[in-house]
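Structure first, then comments.
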Amino acid sequence: MKTNAAVLEAFNTPWRVVELDLDAPGEGEVLLEFIASGLCHSDESIRKGLFGSARLPMIGGHEGSGIVRAVGKNVRGIKEGDHVVCSFRPSCGHCDYCNAGKSYLCNESANSLIGCLPGGHFRFHKDGVDYGANSMLGTFSQFAVVSEISCLVVDKDIPLETLAILGCAVPTGWGAAVNAAQVRPGDIVVVIGAGGVGLNACQGAAHAGAAQIIVVDPVASKLEAAPIFGATGGFTSTDEAKDYVKSLRQGGADHVILSAGVGGLAEAGIAMLRKGGVLTVAALGDPAKYRLDLALSPLVMGNISIRGSALGTSHIRTDLYKLLDLYRAGRLKLDELVSQTYTLNEINTGFDDLLSGRNLRGVILHGTH
Ligand SMILES: [Zn+2]
Ligand SMILES: [Zn+2]
């Protein structure tokens, strides 16, 4: 069959919407009609060639929701007509990490930047060339063949347009606070970056009982939106925030959650921690610039921890359904996160808005033209 998809054929060129050939689903694979796809900064990083191992041509998009239109052989637990959320990290259910309840490290994610499915299959083609799909998904395509291990079947009471951002932004941010940092009641939390991930880190920290949640972001409209998600204060730079945070109880924050991949922010975050504090890094960035350069002795004497968190350290096959129940109970905000929607053809505008801070989370609705 044919599908329209936003693809990257060369680094540092705009997303281009092209028509591709799409194979039928093979064993363990399903054909999805994507309904909605979030716009995440990681796709922009791939476009700029910052992740050197990314194979082109590639269909973008790694958070999305859709409807199962066909299933291949030996697919269990997914049937035609099901609604699914696709996570950018698959969970195969039988590697060491999945068995240990750590599917955020699933071995099957190894080909995410190559874009082939398990077994090395490419399902998108054009003029004899194989097109990979970001994170084995390619949510910027109207239709896609994906592995069953990337799909989470969900009940149909919540619109798919609402669910797309559960594939990356929501679990990544929420889980950075709840699962990785393990924020405790009364903690003081600083969240650097108030985009799709950072605002969800605020929601997670608020649920965990943080006494203060201080957001740092240069964009005024994001600081204005942050209290909806639990933020108690905001600053436009780490320089501005530092004195205030250091003046707080115990001389700093219990936790700093880094959701913006900008050089220098990790050091600035560590400087705001109290003794025994933890920096949780949830953002990707330019590996050439987004680095740590600091003396290690103060970390020792201050008992400071630094940890990374992939997909919010979420075991998505259980955590997703907890998030859905919180949404149903009115205790997790999803609709408020999506400040702007776009057609597939407007994708470059969507990324421009992301980069200039004009949206909190932008979402492509494939059904609109
Ligand atoms: Zn993402
Ligand atoms: Zn696995």
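Each residue in the range 106-119 was checked for being touching a helix residue (DSSP H, G or I) at 6+ places or on another chain (Cβ under 8 Å) and either more than 8 Å from ligand 2 (Cβ to nearest atom) or under 17 Å from THR139 (Cα atoms) (or both), and 8 of them qualify. Of all positions in the range 358-368, none carries a residue that is out of contact with any Ser or Thr (no Cβ under 8 Å at 6 or more places or on another chain) and in a helix (DSSP H, G or I).
The test for being at negative phi and over 26 Å from the mean Cα position of the chain (by Cα) does not hold for TYR327. Looking only at residues in the range 231-263 that are among the β-branched types (Val, Ile, Thr) and either assigned to a loop (DSSP other than H, G, I, E, B) or within 24 Å of the chain's Cα centre (by Cα) (or both), the one that is farthest from LEU50 (Cα to Cα) is THR232. All of (1) within 21 Å of LEU39 (Cα to Cα); (2) surrounded by fewer than 21 Cβ atoms within 10 Å (Cβ to Cβ); (3) modelled with pLDDT of 95 or more; (4) not acidic (Asp, Glu) hold for VAL281 with one exception: (2). All conditions but one from (1) in contact with a Ser or Thr (Cβ under 7 Å, 6 or more places away or on another chain); (2) within 16 Å of ligand 1 (Cβ to nearest atom); (3) not basic (Lys, Arg) apply to GLN212; the one that does not is (2). Looking at the range 192-207, can you tell me whether even one residue there is assigned to a strand (DSSP E or B), crowded, with 24+ Cβ neighbours inside 10 Å and in the same structural domain as TYR290 (by TED's automatic domain parsing)? Yes - at least one qualifying residue is present in the range 192-207. Of all the listed residues (ARG89, ARG55), the sole one being assigned to a loop (DSSP other than H, G, I, E, B) and within 16 Å of ligand 1 (Cβ to nearest atom) is ARG89. The residues listed here are SER309, SER297, SER314; of these, the one that is exposed (fewer than 15 other Cβ atoms within 10 Å of the Cβ) and of a type in the set (S, T, N, Q) is SER297.
Filtering the range 1-45 to residues that are of a type in the set (Val, Ile, Thr) and buried (at least 21 other Cβ atoms within 10 Å of the Cβ) leaves THR3, VAL7, VAL30, ILE35.
Does the range 92-100 contain at least one residue that is touching a residue at least 60 places away in the same chain (Cβ under 8 Å), on the phi > 0 side of the Ramachandran plot and in the same structural domain as PHE11 (by TED's automatic domain parsing)? Taking every residue of the range 92-100 in turn, at least one turns out to be touching a residue at least 60 places away in the same chain (Cβ under 8 Å), on the phi > 0 side of the Ramachandran plot and in the same structural domain as PHE11 (by TED's automatic domain parsing). Looking only at residues in the range 84-105 that are farther than 25 Å from GLY52 by Cβ and among the polar types (S, T, N, Q), the one that is farthest from ligand 2 (Cβ to nearest atom) is ASN99. Cβ-Cβ contacts under 9 Å between residues 6 or more apart (or on different chains), taken from a first residue in the range 30-46 that is closer than 24 Å to TYR290 by Cα and in contact (Cβ under 8 Å) with a residue 60 or more places away in the chain to a second residue that is more than 10 Å from ligand 1 (Cβ to nearest atom) and acidic (Asp, Glu), are listed as LEU39/ASP353; SER45/ASP286.
Looking across SER112, SER135, SER141, one residue alone is in contact with a Phe, Trp or Tyr (Cβ under 6 Å, 6 or more places away or on another chain), farther than 19 Å from GLU27 by Cβ and among the small types (Gly, Ala, Ser). It is SER135.
The values are calculated or read from the model by the stated rules, or taken from the named source; none is laboratory data. Every value quoted in this text rests on a predicted model; they were computed, and no experiment measured them. Cβ sites come from the backbone with ideal geometry, for glycine too, and all protein chains shown count toward neighbours.
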